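Enquirer: Got a structure for you, written out below as structure tokens; questions coming shortly.
The values are calculated or read from the model by the stated rules, or taken from the named source; none is laboratory data. What you are looking at is a predicted structure, and each value in this text was computed from that prediction instead of being measured. So basically every Cβ, Gly included, is an ideal-geometry build from the backbone, and we count neighbours across all protein chains shown.
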Amino acid sequence: MSSTRTAGREQRSPGARTARTSRTRRATSRRTAATKPAGAEAPDEPVRDVTPDSGSRRAQRRAARSRVAGPERSRSPRHRMLVACTAVLAAGFFAVLLLNTVISQGAFRQHELEIELILLAEEEEALARAVQSAETPVEVERAARKLGMVPAAAPVFLRLSDGEVLGEPVPAPKPTEKVSFFGAPGVLPTPTPTPSAEVSGTAIDPALDPATGLDEVAPVPVEDGGAAPAAVDPAGEAAEPQASQAPEPSQQGVNP
Amino acid sequence: MSSVAPPRSPSTQPDPSGAPAPRVFTRADGRARAIYLTFAVLMLLSVYAGRIFDLMVLKGDDLAALGQNQRVRTLPLPADRGPIYDSEGAPLAITVESRNVTADQNLIENPAEAAERLAPMLGMDQATLQEKLTGDDIFVYVAKGLTPEQWRQIKALKIVGIFSEKTTERTYPAGTLAANVLGFVNSEGVGSGGLEMALDDRLKGTDGSRTFEQGAAGQAIPSAEDVLLEPEPGQGVQLTINRDIQYVAQRAIAARVRDADAESGTVTVIEAKTGRILAMATAPTFDPNNYTSANEDDMGNRPVSEIYEPGSTGKVLTMSAVIEEGKAKPRSKITVPPTLTRGGHTTNDHTPHGTLQLTLNGVLAQSSNIGTILFADKIGGDKLYEYQRKFGMGQPTGLNFPGEENGLLPKPENWWPTTFQALAYGQSYSVTSLQVASLYQTIANDGVRLKPRLIDGYVDADGSFTPAATEPGVQVVSKKTAKSVSRMLENVVTDGTGAVAKIPGYRVAGKTGTAERAVNGGYSGYSASFIGYAPADDPEIVVQVMLQDPKNGHYGSVLGGPVFNTTMTYALQELKIPPSGTTSPQIPTTW
């Protein structure tokens with residue numbers, strides 16, 4: 001029975017084999033196509049016209065159709081053009097966007113830098129003002145007196161060409177003495193300190209004494225603000241710094 | 001039969017089976033749809049067009065203006081006021097950036113709290129501040145003239161409704177130094193006194209502005225409208241004032257005014273050979289940084305605005321006229337009686353004396369009124385008046401300082417019988433300190449009177465310097481006369497009333513002046529003065545000191561002399577003027 005079945009199967013064989021063959025061939029051709037890049041030629045590569053059956057022809061036709069790609073070839077230049085245009089347009093848009101962003105960023109940066117510039121200019125101005133106030137005659141005199149310097153009583157010059165001394169040298173008063181800007185000690189009485197003195201017109205204490213702690217000597221305010229007391233009454237020597245420093249009402253009455 | 005063949009075209013024929021045929025899209029359908037679509041698009045477009053027409057044409061201008069207003073800001077760019085420098089280029093007046101604090105009262109929710117936080121930072125009274133912050137005004141000034149740093153601290157408080165206004169502020173780094181010469185600038189930025197007023201047109205410059213479109217963060221929108229109108233800074237001015245000499249003079253006179261309990265005092269320092277005013281000090285003075293709290297009387301420039309009778313310092317004028325007219329020489333002799341009565345008025349000298357036998361030199365050295373009258377007799381009233389005019393009495397000095405007085409010099413036809421003798425020794429006419437200084441400058445400069453000036457030149461923003469125009473001087477008396485008078489003035493210091501003015505090593509010429517002070521038609525108090533120059537053999541510096549109505553003492557020598565000495569000593573050092581080493585010639589004062 002089995003043979004019969006086999007024979008029966010055999011009987012159908014031409015068609016079935018053909019079909020199998022064609023199937024095999026298709027698979028093979030598919031395989032071939034797949035393995036083509038490897039360059040290996042399938043050993044059972046069938047010859048195309050060996051088994052001209054309908055199934056293989058359809059497949060061939062299908063393959064041919066797909067292989068022709070006629071319309072693709074005819075559409076290609078226009079398509080590329082379109083792609084190129086789109087690309088250019090996109091690039092353009094992107095560039096403009098980028099440019100605007102950069103410009104905007106530049107504007108913000110400029111804004112920041114301008115603020116920085118203003119701050120630095122302000123700082124410079126503040127420093128310049130500090131230098132200017134340190135340079136004013138009143139401050140220079142204050143610094144000079146702190147160093148124990150005194151105003152010259154008479155101008156004297158040394159001529160370098162022959163070494164001659166012009167003028168009559170007068171010994172400078174010792175800075176520890178009460179030095180008067182008027183050249184003679186004790187010409188003027190102690191000025192009365194007033195609470196209305198202003199910072200800008202801080203006066204010089206003529207009694208600045210390098211021996212007794214300069215930094216503790218407070219400036220003596222005067223009513224005119226700009227001028228300093230030029231000399232100190234010797235009698236008021238002891239009371240003077242106290243009176244100038246202490247705002248207590250009890251000392252106001254003592255003050256000459 | 002036709003039913004056998006299936007329909008080839010997709011027609012709407014009913015299916016033979018009787019079932020309803022499915023709706024099939026036809027070409028006609030496409031056309032209709034296209035028409036609908038086109039119509040819809042057109043409708044939409046016309047709506048858009050209408051809206052655009054409405055926005056662009058009908059409301060266009062208004063909307064554009066509205067948008068502009070939202071974005072466009074115009075910032076005023078105030079021009080920097082030109083600086084004022086001293087003769088060495090040190091700044092006396094400069095312009096710095098400052099801030100005014102403003103408030104929108106409507107935005108301040110809690111004025112009490114805002115005032116409490118602001119008061120300590122502004123140094124203001126809290127109640128006053130609260131008052132300023134309460135109300136409906138959208139713009140009020142809270143405080144003016146803050147530094148940018150101060151404003152930043154206030155800004156950091158983030159009080160809603162508090163704003164700032166950028167402005168510039170005039171400051172005077174040396175405070176009261178030369179304040180009366182410089183003047184001040186008012187809150188509107190206009191020079192309102194002294195040189196700030198006189199030179200306002202030069203100093204103020206031209207304001208600019210910047211108009212730009214602004215983003216939310218306050219940054220300028222790039223590529224938008226941005227119009228910048230650069231401000232033109234004002235011109236800087238360089239003065240003839242020497243800051244250091246000014247300081248010494250100002251200190252000296254302030255101390256002396258206080259000491260002598262005088263009403264006021266001035267020091268004027270002039271360069272003899274150029275007429276440049278090196279210092280012009282006034283006491284009491286004021287601080288131009290804080291001018292609102294100053295006493296108005298102290299803000300003027302007294303050396304040019306205050307007139308007084310010159311007294312003995314005016315005798316030099318009479319002596320010059322007498323010598324120039326050839327009527328006398330320094331050694332000419334005269335007998336001076338104890339008193340002299342003319343026109344019902346008896347003239348005395350400052351100290352009683354018997355009959356003296358003086359030379360012209362002696363008359364000046366001892367400042368004898370009677371002797372001066374007797375010498376003036378030799379030229380007569382008309383000639384005296386002529387010389388007074390020549391020396392510039394009663395006339396403008398040419399300085400053109402705001403508030404400058406010309407003095408009063410009576411014409412001969414208006415004289416009283418006593419006027420001539422009074423004029424001879426320096427009374428019955430009035431002068432300014434600058435006029436007296438100019439008189440001595442003329443003698444010191446070999447008889448050539450120079451216009452006193454305060455301005456060396458102008459400094460542009462780029463730093464270029466334009467010297468101020470100068471005028472040649474006028475020969476008032478001959479060089480010989482000037483030298484003769486100068487010798488006599490030296491004798492005043494060596495042998496006469498001006499001994500206090502001596503400076504070791506230098507030859508000093510000088511004259512004291514103690515005049516009765518004319519007040520409201522009568523005389524009350526004194527005008528004490530001292531004027532002189534050095535080195536007398538080649539004069540460089542003229543110093544004039546004036547004290548009005550001193551209570552402690554009244555002699556010009558005692559009060560003015562030390563101030564002269566201090567100022568002159570310093571000026572000689574500062575300008576590096578060495579002594580010549582010669583000695584003053586001795587001319588006999590008596591015979």
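Enquirer: Considering each of B:R81, B:R117 in turn, give the residue that is assigned to a helix (DSSP H, G or I), away from chain A (no Cβ under 14 Å) and either over 30 Å from B:F212 (Cβ atoms) or not hydrophobic (A, V, I, L, M, F, W, C) (or both). Give the steps one after another, and end with the answer.
Expert: On the way: B:R81 fails: assigned to a helix (DSSP H, G or I).
Answer to the selection: B:R117.
Enquirer: Quick check on B:V142: is it more than 21 Å from the chain's Cα centre (by Cα), at pLDDT 85 or above and either within 11 Å of chain A (Cβ to nearest Cβ) or outside any loop (DSSP other than H, G, I, E, B) (or both)?
Expert: On the way: more than 21 Å from the chain's Cα centre (by Cα): yes; at pLDDT 85 or above: yes; either within 11 Å of chain A (Cβ to nearest Cβ) or outside any loop (DSSP other than H, G, I, E, B) (or both): yes.
Here the answer is yes, as B:V142 does meet what is asked.
Enquirer: Hey, does region B:477-488 have a residue that's within 14 Å of chain A (Cβ to nearest Cβ), surrounded by fewer than 18 Cβ atoms within 10 Å (Cβ to Cβ) and not aliphatic (A, V, I, L, M)? Break it down into steps so the answer makes sense when it comes.
Expert: Filtering region B:477-488 down to residues within 14 Å of chain A (Cβ to nearest Cβ) leaves none.
No, region B:477-488 has no match at all.
Enquirer: Please verify whether B:I221 is farther than 30 Å from B:G560 by Cα, within 12 Å of another protein chain (Cβ to nearest Cβ) and either in contact with a helix residue (DSSP H, G or I) (Cβ under 7 Å, 6 or more places away or on another chain) or not polar (S, T, N, Q) (or both), treating the condition exactly as stated.
Expert: Details: farther than 30 Å from B:G560 by Cα: yes; within 12 Å of another protein chain (Cβ to nearest Cβ): yes; either in contact with a helix residue (DSSP H, G or I) (Cβ under 7 Å, 6 or more places away or on another chain) or not polar (S, T, N, Q) (or both): yes.
So B:I221 passes the test.
Enquirer: Is it true that A:T86 is away from chain B (no Cβ under 12 Å), part of a helix (DSSP H, G or I), surrounded by 10 or more Cβ atoms within 10 Å (Cβ to Cβ) and not aliphatic (A, V, I, L, M)?
Expert: Values: away from chain B (no Cβ under 12 Å): yes; part of a helix (DSSP H, G or I): yes; surrounded by 10 or more Cβ atoms within 10 Å (Cβ to Cβ): yes; not aliphatic (A, V, I, L, M): yes.
So A:T86 passes the test.
Enquirer: Of all residues in region B:166-194 being over 19 Å from B:P402 (Cα atoms) and modelled with pLDDT of 85 or more, which is farthest from the other protein chains (Cβ to nearest Cβ)?
Expert: Of everything passing the filter in region B:166-194, B:R170 is farthest from the other protein chains (Cβ to nearest Cβ).
Enquirer: It is to be established whether one or more residues within region B:62-79 are under 30 Å from B:M197 (Cα atoms) and modelled with pLDDT of 85 or more. Reasoning before the result, please.
Expert: Restricting attention to region B:62-79, the residues satisfying the condition of being under 30 Å from B:M197 (Cα atoms) are B:74-79.
With modelled with pLDDT of 85 or more added as a condition, the list becomes B:79.
Yes, some residue in region B:62-79 is under 30 Å from B:M197 (Cα atoms) and modelled with pLDDT of 85 or more.
Enquirer: A follow-up question, please. Within region A:146-168, which residues are more than 7 Å from chain B (Cβ to nearest Cβ), of a type outside the set (S, T, Y) and over 18 Å from B:E574 (Cβ atoms)?
Expert: Scanning region A:146-168 gives A:K146, A:L147, A:G148, A:R159, A:L160, A:D162, A:G163, A:E164, A:V165.
Enquirer: Taking the criterion of being of a type outside the set (A, V, I, L, M), over 30 Å from B:E306 (Cα atoms) and within 14 Å of another protein chain (Cβ to nearest Cβ), would at least one residue in region B:157-165 satisfy it? Working first, answer last.
Expert: To start, the set of residues in region B:157-165 that are of a type outside the set (A, V, I, L, M) comprises B:158, B:161, B:163-165.
Checking the rest, the ones that are also over 30 Å from B:E306 (Cα atoms) come to B:158, B:161, B:163-165.
Remaining after also requiring within 14 Å of another protein chain (Cβ to nearest Cβ): B:164.
Taking every residue of region B:157-165 in turn, at least one turns out to be of a type outside the set (A, V, I, L, M), over 30 Å from B:E306 (Cα atoms) and within 14 Å of another protein chain (Cβ to nearest Cβ).
Enquirer: Does B:N100 satisfy the condition of being among the polar types (S, T, N, Q), at pLDDT 85 or above and in contact with an Asp or Glu (Cβ under 9 Å, 6 or more places away or on another chain)? Show your work before the answer.
Expert: Working: among the polar types (S, T, N, Q): yes; at pLDDT 85 or above: yes; in contact with an Asp or Glu (Cβ under 9 Å, 6 or more places away or on another chain): yes.
For B:N100, the condition - among the polar types (S, T, N, Q), at pLDDT 85 or above and in contact with an Asp or Glu (Cβ under 9 Å, 6 or more places away or on another chain) - is met.
Enquirer: Which residue out of A:E135, A:E114 is closer than 27 Å to B:A174 by Cβ and not hydroxyl-bearing (S, T, Y)? Give the derivation first.
Expert: Numbers: A:E114 fails: closer than 27 Å to B:A174 by Cβ.
The match here is A:E135.
Enquirer: Let me ask something additional. Can you tell me how many residues within region A:103-152 are in a helix (DSSP H, G or I) and either closer than 24 Å to B:G215 by Cβ or not hydrophobic (A, V, I, L, M, F, W, C) (or both)? Walk me through how you get there before you give the answer.
Expert: The first filter runs over region A:103-152 and keeps only residues in a helix (DSSP H, G or I), leaving A:103-135, A:137-146.
Those left that are additionally either closer than 24 Å to B:G215 by Cβ or not hydrophobic (A, V, I, L, M, F, W, C) (or both): A:103-125, A:129, A:132-133, A:135, A:137, A:139, A:141-142, A:145-146.
Result for region A:103-152: 33.
Enquirer: Still on this structure, I have one more. Looking only at region B:410-432, how many residues end up being within 17 Å of B:E516 (Cβ to Cβ) and part of a helix (DSSP H, G or I)? Even if it seems obvious, please write down each step before you answer.
Expert: The first filter runs over region B:410-432 and keeps only residues within 17 Å of B:E516 (Cβ to Cβ), leaving B:410, B:416, B:418-419, B:421-431.
Keeping just the survivors that are part of a helix (DSSP H, G or I) gives B:419, B:421-424.
Going through region B:410-432 one residue at a time, the tally reaches 5.
Enquirer: Based on what the data block shows, is B:L92 among the hydrophobic types (A, V, I, L, M, F, W, C) and within 14 Å of chain A (Cβ to nearest Cβ)? Break it down stepwise before answering.
Expert: On the way: among the hydrophobic types (A, V, I, L, M, F, W, C): yes; within 14 Å of chain A (Cβ to nearest Cβ): yes.
Taking the combined requirement at face value, the residue satisfies it.
Enquirer: State all residues of region B:35-69 that are surrounded by 10 or more Cβ atoms within 10 Å (Cβ to Cβ) and among the polar types (S, T, N, Q); if no residue qualifies, say none.
Expert: The answer is B:T38, B:S46, B:Q68.
Enquirer: Return yes when B:L129 is without any contact (Cβ under 8 Å) to a residue 24 or more places away in the chain and under 30 Å from A:I118 (Cα atoms) and no when it is not. Can you show your working first?
Expert: Numbers: without any contact (Cβ under 8 Å) to a residue 24 or more places away in the chain: yes; under 30 Å from A:I118 (Cα atoms): yes.
For B:L129, the condition - without any contact (Cβ under 8 Å) to a residue 24 or more places away in the chain and under 30 Å from A:I118 (Cα atoms) - is met.
Enquirer: So for region B:250-271 (the condition being within 20 Å of A:V140 (Cβ to Cβ), among the β-branched types (V, I, T) and touching an Asp or Glu at 6+ places or on another chain (Cβ under 7 Å)), does at least one residue qualify?
Expert: No, because not a single residue in region B:250-271 is within 20 Å of A:V140 (Cβ to Cβ), among the β-branched types (V, I, T) and touching an Asp or Glu at 6+ places or on another chain (Cβ under 7 Å).
Enquirer: Inside region B:105-143, can you point out the residues that are surrounded by 16 or more Cβ atoms within 10 Å (Cβ to Cβ), touching an Asp or Glu at 6+ places or on another chain (Cβ under 9 Å) and within 15 Å of B:V160 (Cβ to Cβ)?
Expert: B:Q105, B:P111, B:A115
Enquirer: Okay, moving on. Would you pick out the residues in region B:225-276 that are charged (D, E, K, R), within 13 Å of another protein chain (Cβ to nearest Cβ), in contact (Cβ under 8 Å) with a residue 12 or more places away in the chain and within 24 Å of B:S87 (Cβ to Cβ)?
Expert: Across region B:225-276, the qualifying residues are B:R243, B:D244.
Enquirer: Return yes or no: is B:I154 within 18 Å of B:E169 (Cβ to Cβ), crowded, with 20+ Cβ neighbours inside 10 Å and within 14 Å of another protein chain (Cβ to nearest Cβ)?
Expert: So B:I154 does not fit the description; no.
Enquirer: Within region B:80-97, restricting attention to residues that are touching a helix residue (DSSP H, G or I) at 6+ places or on another chain (Cβ under 7 Å) and of a type in the set (A, V, I, L, M), which residue is modelled with the lowest pLDDT?
Expert: B:V96
Enquirer: Looking at region B:512-522, can you tell me whether even one residue there is closer than 20 Å to B:I577 by Cα and either of a type in the set (V, I, T) or touching a helix residue (DSSP H, G or I) at 6+ places or on another chain (Cβ under 6 Å) (or both)?
Expert: To start, the set of residues in region B:512-522 that are closer than 20 Å to B:I577 by Cα comprises none.
No; the residues of region B:512-522 include none that is closer than 20 Å to B:I577 by Cα and either of a type in the set (V, I, T) or touching a helix residue (DSSP H, G or I) at 6+ places or on another chain (Cβ under 6 Å) (or both).
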